[in-house]
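Chemist: My questions will all concern the structure given below.
The values are calculated or read from the model by the stated rules, or taken from the named source; none is laboratory data. Note that the coordinates shown come from a computational prediction; the quantities given were computed from them, not determined experimentally. As a convention, Cβ positions derive from the backbone with ideal geometry for all residues, glycine included, and neighbour counts pool all protein chains shown. These area figures cover heavy atoms from the full protein model, side chains too; ligands, DNA and RNA do not enter into them. Shrake-Rupley method; radii C 1.70, N 1.55, O 1.52, S 1.80 Å.
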Amino acid sequence: MVLSASVKVVMGSPLPSFSLSDPHHKEYTSKDLLGPKGLMVIFISNSCPYALAAWPRLIRISRHARGLGIHTVAINPNIHPDHPKDAPREMVNHIQEFGIDFPYLVDEVQATAKAFQAQCIPDIFLYDQNAKLVYHGRIDDSWQDERKVFRPELKMAVDALASGQEVERRQISSVGSSIQWR
């Protein structure tokens with residue numbers, strides 16, 4: 001997998017509309033997923049080293065955000081014949097293993113990832129209650145070692161959004177494995 005970084009997306013951009021299913025074929029729409037204070041959208045997979053390091057943090061941040069009225073959805077765009085560990089059947093195992101308690105959806109044709117301009121795993125977008133982008137950046141400043149985190153940027157953005165404060169404008173791009181484009 002090739003190292004890649006998220007691209008700049010204009011703050012205030014609208015939440016792209018999507019309809020995707022989870023590995024059990026339950027369908028979700030972007031409109032239904034939006035929480036009373038917003039929605040965190042995470043493009044991620046099962047097997048990328050960056051994703052494996054990020055999952056525990058994202059699950060904790062998601063639980064915190066849910067308590068503040070911000071919902072979370074994870075989307076797997078790496079459904080590719082060359083990557084069987086990211087297949088929907090493996091997503092079921094991953095959900096159970098990590099205790100993922102928010103929708104983890106299949107983007108088999110990668111149209112949703114393209115609509116968001118997602119580039120890497122993980123690529124994180126945070127939208128306010130009006131479905132406008134307020135944060136597109138990394139989780140924190142130490143992807144490899146959570147004990148060395150000095151700036152928990154995503155959590156800071158979630159807290160600011162939930163409390164009605166302005167989300168910090170300085171946002172550092174996510175870095176991770178490139179999405180495995182078909």
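Chemist: Scanning the stretch 138-161 for residues that are over 19 Å from Phe43 (Cβ atoms) and part of a loop (DSSP other than H, G, I, E, B), which turns out most open to solvent (accessible area, probe 1.4 Å)?
Modeler: Ranking the qualifying residues of the stretch 138-161, first place goes to Phe150.
Chemist: Let me ask something else about it. Quick check on this structure: which one of Gly38, Gly12 is of a type outside the set (A, V, I, L, M), open to solvent by less than 20 Å² (accessible area, probe 1.4 Å) and touching a residue at least 24 places away in the same chain (Cβ under 8 Å)?
Modeler: Details: Gly12 fails: open to solvent by less than 20 Å² (accessible area, probe 1.4 Å).
The conditions single out Gly38.
Chemist: Output the residues belonging to the stretch 122-133 that are under 14 Å from the mean Cα position of the chain (by Cα) and open to solvent by 30 Å² or more (accessible area, probe 1.4 Å). Walk me through it before giving the result.
Modeler: Pass one, the stretch 122-133, residues under 14 Å from the mean Cα position of the chain (by Cα): 122-127, 133.
Scanning the stretch 122-133 gives no hits.
Chemist: Thr72 fails exactly one of the following numbered conditions: (1) in contact with a helix residue (DSSP H, G or I) (Cβ under 9 Å, 6 or more places away or on another chain); (2) surrounded by fewer than 15 Cβ atoms within 10 Å (Cβ to Cβ); (3) within 28 Å of Ala162 (Cβ to Cβ); (4) not hydrophobic (A, V, I, L, M, F, W, C). What is the number of that condition?
Modeler: Evaluating Thr72 over (1) in contact with a helix residue (DSSP H, G or I) (Cβ under 9 Å, 6 or more places away or on another chain); (2) surrounded by fewer than 15 Cβ atoms within 10 Å (Cβ to Cβ); (3) within 28 Å of Ala162 (Cβ to Cβ); (4) not hydrophobic (A, V, I, L, M, F, W, C) leaves (2) as the failure.
Chemist: Sticking with this one: Is one or more of the residues making up the stretch 108-121 open to solvent by less than 60 Å² (accessible area, probe 1.4 Å), acidic (Asp, Glu) and either in contact (Cβ under 8 Å) with a residue 12 or more places away in the chain or not in a strand (DSSP E or B) (or both)?
Modeler: No - not one qualifying residue is present in the stretch 108-121.
Chemist: Can you find a residue that is open to solvent by 20 Å² or more (accessible area, probe 1.4 Å), touching a strand residue (DSSP E or B) at 6+ places or on another chain (Cβ under 8 Å), aliphatic (A, V, I, L, M) and in a helix (DSSP H, G or I) anywhere in the stretch 87-96?
Modeler: Start the filter on the stretch 87-96 by keeping residues that are open to solvent by 20 Å² or more (accessible area, probe 1.4 Å), which leaves 88-90, 92-93, 95-96.
Checking the rest, the ones that are also touching a strand residue (DSSP E or B) at 6+ places or on another chain (Cβ under 8 Å) come to 88, 95.
Among the residues that remain, those that are also aliphatic (A, V, I, L, M) are: 95.
Adding the requirement that they be in a helix (DSSP H, G or I) leaves 95.
Yes, the stretch 87-96 has at least one match.
Chemist: Any chance the stretch 99-114 includes a residue that's at pLDDT 95 or above, within 14 Å of Ala54 (Cα to Cα), in contact with a helix residue (DSSP H, G or I) (Cβ under 9 Å, 6 or more places away or on another chain) and not β-branched (Val, Ile, Thr)?
Modeler: Yes.
Chemist: Is there a residue in the stretch 51-62 that is open to solvent by 10 Å² or more (accessible area, probe 1.4 Å), outside any helix (DSSP H, G or I), under 26 Å from Glu166 (Cβ atoms) and in contact (Cβ under 8 Å) with a residue 40 or more places away in the chain?
Modeler: no
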